[in-house]
Protein chains: 2
Amino acid sequence: MNLKSLQQQLLPKIETHLQTFLDNQPFELTPGLKEMLSYHMGWENGGRPGKRIRPLLTLLCNQAFGGALSDAFPAAVSLEYLHNFTLIHDDIEDRSPQRHGQDTVWYRWGIPQAINAGDAMFSIAQLAMLGLRETCPNDVALHAAHRLNEVCLHLTQGQYLDISFEYEDSVPLETYLMMIEGKTGALVALAAELGGLTAGKHASIIRTLSEFGRNLGIAFQIQDDFLGIWGDPKITGKSTASDITTKKKTLPILYGLQNSTEFASSWQVVSPTSKQVQHMADLLETCGAKDYVKQHAEHTTDQAFAALETLFPNHGEGNNYAQALFEMCEVLLARKM
Amino acid sequence: MNLKSLQQQLLPKIETHLQTFLDNQPFELTPGLKEMLSYHMGWENGGRPGKRIRPLLTLLCNQAFGGALSDAFPAAVSLEYLHNFTLIHDDIEDRSPQRHGQDTVWYRWGIPQAINAGDAMFSIAQLAMLGLRETCPNDVALHAAHRLNEVCLHLTQGQYLDISFEYEDSVPLETYLMMIEGKTGALVALAAELGGLTAGKHASIIRTLSEFGRNLGIAFQIQDDFLGIWGDPKITGKSTASDITTKKKTLPILYGLQNSTEFASSWQVVSPTSKQVQHMADLLETCGAKDYVKQHAEHTTDQAFAALETLFPNHGEGNNYAQALFEMCEVLLARKM
């Protein structure tokens, strides 16, 4: 059984659990609010659901440790709602008009309703996690709820840095990496942790799962930064060096700003031509930014795999779910998922 | 020992617990985010803290039932942070530039950072509530966390209605009352509940406490609507009939829109003169809005006191804390607090 067949088996269940949980909340008096949440989840006409990577990770980890799937579902549902709450608010903060091929919530319903809809989804993520008290011992449910909110606070710290960067000329690479850890690493780490926790695993295993997820999340984001400049437009669906055109302060660009005075001065051009953009991408390569980012992505990828190998030696031999976890990392980091 | 002396005793403790809890969160890497939260709480130079009514209510209820104050503090801290999270987001949604005599968070730091700061405070409220696992049995902590999030969802439903009202010509009075219940009643109800819960009280008492708090919150809000038109400017600090001037769709105004065609047509005037405002206030009185709102406020006030009397007969005779609860209601509803 490989990743693809497990996905085919699990994704419809994830979708059903997500929808059922929303349906069970008391929205009788405010159907319009429920519609906003349902729309954002990709369930209204024309929408398409996200990849559900976080709940998938939780369920695969739970199964790889021989847990019961039903014990893990409240956590899986919670993380997907939490992730989507952050997207609703991020879209307002970034003024993004589109996501997943449809208008964002704020663009369709206005900023006030979108802030409030995000808050509602945040509450729903919390309620879902507390559903663990029906599937797991009380101390596990409490620990999970506590970790969820430690991670939420970490997410807001990453987001605080990200918003701040817009107004800063330069950002130290370490600060940028801390931002990534908060915005992407923390929640993927929790997704892995909760798989082990709901399978009854103890602290040392949970720590390794967390290390695995954290590095997976960071590696994914650094690779995203790499592809934002050197990705194949046919695969990324964006123009060549799009992060230069949109002036996004990603890791290679911050490296360039600090290590190439020529790149730093070209960066001042407000609307660079495509020729100038290509020249800037070349400058990043010459000054070592491409190698730096590539090495960093490889290093964190190696760390993610090393943690997974500690838990499931020989690439998860003899354990279908563990093998699927290895495969999921490979697919995610090769951007085929 | 009356309310005033209990307040003098408890308020500094509440403030210390609130500050200590924030100080114990890991903000080393994002001191700027912590500053935003601290500023909103009224702790930065020139700021002034709010009235801390919700934590005070929790602590008084806990003490009236002979609970241990230290068991109740995590809940008290949580509710105050939760209330303040809603204020940060409400101020953005209402575009309010000022609160408690200082610039609001969004007005000072911009909308993106303010949304995110609210989310951080929401997470902090959750973490504080989960601190109950150190002072109470696990099932109490889980129940409290669950109730917190049921109330959060209820709050967002109230807020959804409130934002929707802006775009509607008329709103049924029942819908308006449901909005008030969500926006104000639910959290005050929880404040009372948690006092009993942390004192180890069982379901039937918690239900009565909830009923007490819910009616107290609703009565307070209806009275606020009353004072927005017929309040003494010297006491309210606002101009006469200020809610007419600012076009706020409060209970008396909605009653007037539905019961007086003359009021409904005057309401269409975009910028009424002070003479027109006074005439509209008179029309509200003539059509029965004043009596309707007064009776409604009195009815919910009576219900709040009746619930409290069930718990503490004879106005809390022989129980200082229970007496202080009665006094707190009287003072709150007479707007002297």
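Can you find even one residue in region B:45-57 that is aliphatic (A, V, I, L, M), farther than 30 Å from A:GLY182 by Cα and crowded, with 23+ Cβ neighbours inside 10 Å?
Of the residues in region B:45-57, the ones aliphatic (A, V, I, L, M) are B:53, B:56-57.
Okay, now just the ones that are also farther than 30 Å from A:GLY182 by Cα, so B:53, B:56-57.
Restricting the remaining residues to those that are crowded, with 23+ Cβ neighbours inside 10 Å gives B:56-57.
The answer is yes, given that some residue of region B:45-57 is aliphatic (A, V, I, L, M), farther than 30 Å from A:GLY182 by Cα and crowded, with 23+ Cβ neighbours inside 10 Å.
Pick from A:GLN25, A:GLN63: which is touching a Leu at 6+ places or on another chain (Cβ under 8 Å), in a helix (DSSP H, G or I) and touching a residue at least 60 places away in the same chain (Cβ under 8 Å)?
Numbers: A:GLN25 fails: in a helix (DSSP H, G or I).
So the residue among A:GLN25, A:GLN63 that is touching a Leu at 6+ places or on another chain (Cβ under 8 Å), in a helix (DSSP H, G or I) and touching a residue at least 60 places away in the same chain (Cβ under 8 Å) is A:GLN63.
Among the numbered criteria (1) buried (at least 21 other Cβ atoms within 10 Å of the Cβ); (2) over 30 Å from B:GLU193 (Cα atoms); (3) of a type in the set (Asp, Glu), which single criterion is violated by B:ASP225?
B:ASP225 satisfies every listed condition except (2).
Among the residues of region B:293-306, count how many are surrounded by fewer than 19 Cβ atoms within 10 Å (Cβ to Cβ) and touching a residue at least 40 places away in the same chain (Cβ under 8 Å).
Count: 2.
Give the number of residues within region A:110-120 that are facing chain B (nearest Cβ under 9 Å) and either of a type in the set (A, V, I, L, M, F, W, C) or outside any helix (DSSP H, G or I) (or both). Outline the logic, then answer.
Here is the first cut: in region A:110-120, the ones facing chain B (nearest Cβ under 9 Å) are A:110-113, A:115-120.
Within this subset, residues satisfying the condition of being either of a type in the set (A, V, I, L, M, F, W, C) or outside any helix (DSSP H, G or I) (or both) are A:110-111, A:115, A:117, A:120.
Qualifying residue count, region A:110-120: 5.
Test each condition in (1) within 9 Å of chain A (Cβ to nearest Cβ); (2) closer than 28 Å to A:VAL140 by Cα for B:LEU161 and report the one that comes out false.
The failed condition is (2).
Of all the residues that make up region B:150-163, how many are surrounded by fewer than 23 Cβ atoms within 10 Å (Cβ to Cβ) and closer than 16 Å to A:MET129 by Cα?
Selection size over region B:150-163: 2.
If B:LEU127 satisfies every condition in (1) of a type in the set (A, V, I, L, M, F, W, C); (2) at the interface with chain A (Cβ under 8 Å from one of its Cβ atoms); (3) over 20 Å from A:GLN159 (Cα atoms) but one, which is the exception?
(3)
Does B:PRO49 qualify as being assigned to a helix (DSSP H, G or I) and away from chain A (no Cβ under 14 Å)?
Working: assigned to a helix (DSSP H, G or I): no; away from chain A (no Cβ under 14 Å): yes.
When the stated conditions are applied, B:PRO49 does not pass them.
If only one of B:GLU309, B:GLU327, B:GLU262 is without any contact (Cβ under 8 Å) to a residue 40 or more places away in the chain, under 30 Å from B:LEU190 (Cβ atoms) and part of a helix (DSSP H, G or I), which one is it?
Values: B:GLU327 fails: without any contact (Cβ under 8 Å) to a residue 40 or more places away in the chain; B:GLU262 fails: under 30 Å from B:LEU190 (Cβ atoms).
Result: B:GLU309 is the single residue among B:GLU309, B:GLU327, B:GLU262 that is without any contact (Cβ under 8 Å) to a residue 40 or more places away in the chain, under 30 Å from B:LEU190 (Cβ atoms) and part of a helix (DSSP H, G or I).
Against the conditions (1) buried (at least 22 other Cβ atoms within 10 Å of the Cβ); (2) modelled with pLDDT of 95 or more, where does B:ILE244 fall short? Just the number, please.
(2)
Does A:THR300 fit the bill of being among the β-branched types (Val, Ile, Thr) and under 19 Å from the mean Cα position of the chain (by Cα)?
Numbers: among the β-branched types (Val, Ile, Thr): yes; under 19 Å from the mean Cα position of the chain (by Cα): yes.
Spelling it out, A:THR300 is indeed among the β-branched types (Val, Ile, Thr) and under 19 Å from the mean Cα position of the chain (by Cα).
Against the condition assigned to a helix (DSSP H, G or I) and either of a type in the set (A, V, I, L, M, F, W, C) or closer than 15 Å to A:LEU177 by Cα (or both), how does A:HIS279 come out, does it pass? Explain how you work it out, then say what you get.
Details: assigned to a helix (DSSP H, G or I): yes; either of a type in the set (A, V, I, L, M, F, W, C) or closer than 15 Å to A:LEU177 by Cα (or both): no.
Criteria not met by A:HIS279.
Quick one: which residue in A:LYS249, A:LYS290, A:LYS234 is of a type outside the set (Val, Ile, Thr) and not in a helix (DSSP H, G or I)?
Details: A:LYS290 fails: not in a helix (DSSP H, G or I); A:LYS234 fails: not in a helix (DSSP H, G or I).
From the options A:LYS249, A:LYS290, A:LYS234, the qualifying one is A:LYS249.
Quick check on my filter: what residues within region A:79-97 are more than 10 Å from chain B (Cβ to nearest Cβ) and either outside any helix (DSSP H, G or I) or more than 14 Å from the chain's Cα centre (by Cα) (or both)?
Hits for region A:79-97 are A:ASP91, A:SER96, A:PRO97.
Exactly one condition in (1) at the interface with chain B (Cβ under 7 Å from one of its Cβ atoms); (2) in contact with a strand residue (DSSP E or B) (Cβ under 8 Å, 6 or more places away or on another chain) is false for A:ASN149; which is it?
(2)
Identify, from the list A:ALA189, A:ALA199, the residue that is more than 14 Å from every other protein chain (Cβ to nearest Cβ) and over 19 Å from the mean Cα position of the chain (by Cα). Show your work before the answer.
Numbers: A:ALA189 fails: over 19 Å from the mean Cα position of the chain (by Cα).
Within the list A:ALA189, A:ALA199, the selection yields A:ALA199.
Among the listed residues A:GLU166, A:GLU181, which satisfies the condition of being at pLDDT below 95 and surrounded by fewer than 23 Cβ atoms within 10 Å (Cβ to Cβ)?
Numbers: A:GLU181 fails: at pLDDT below 95.
None of the others qualify; the one that does is A:GLU166.
Where residues in region A:17-37 are more than 14 Å from chain B (Cβ to nearest Cβ) and surrounded by 12 or more Cβ atoms within 10 Å (Cβ to Cβ), which of them is farthest from A:PRO74 (Cα to Cα)?
A:GLN19
Filter region B:66-77 down to residues that are small (Gly, Ala, Ser) and part of a helix (DSSP H, G or I) and give me whichever is surrounded by the fewest Cβ atoms within 10 Å (Cβ to Cβ).
If we filter region B:66-77 for residues that are small (Gly, Ala, Ser), which is where we start, we get B:66-68, B:70, B:72, B:75-76.
Add one more test, that the residue is part of a helix (DSSP H, G or I), and what stays is B:70, B:72, B:75-76.
Details: B:SER70: 12, B:ALA72: 27, B:ALA75: 33, B:ALA76: 28.
Here the answer is B:SER70.
Could you tell me which residue of region A:225-266 is nearest to A:HIS296 (Cα to Cα), considering only residues that are among the acidic types (Asp, Glu) and under 20 Å from the mean Cα position of the chain (by Cα)?
From region A:225-266, those among the acidic types (Asp, Glu) are A:225, A:232, A:243, A:262; that's our starting set.
When the remaining residues are screened for being under 20 Å from the mean Cα position of the chain (by Cα), the result is A:225, A:243.
Values: A:ASP225: 11, A:ASP243: 18 Å.
Among those that are among the acidic types (Asp, Glu) and under 20 Å from the mean Cα position of the chain (by Cα), it is A:ASP225.
Let me spell it out: the conditions are (1) facing chain B (nearest Cβ under 9 Å); (2) buried (at least 18 other Cβ atoms within 10 Å of the Cβ); (3) more than 30 Å from B:TYR160 (Cβ to Cβ), and A:ASN138 meets all of them except one. Which number is the exception?
(2)
The values are calculated or read from the model by the stated rules, or taken from the named source; none is laboratory data. Keep in mind it's a predicted model, so treat the numbers as computed, not measured. Note that we place each Cβ from the backbone using ideal geometry, even for glycine, and neighbour counts take in every protein chain shown.
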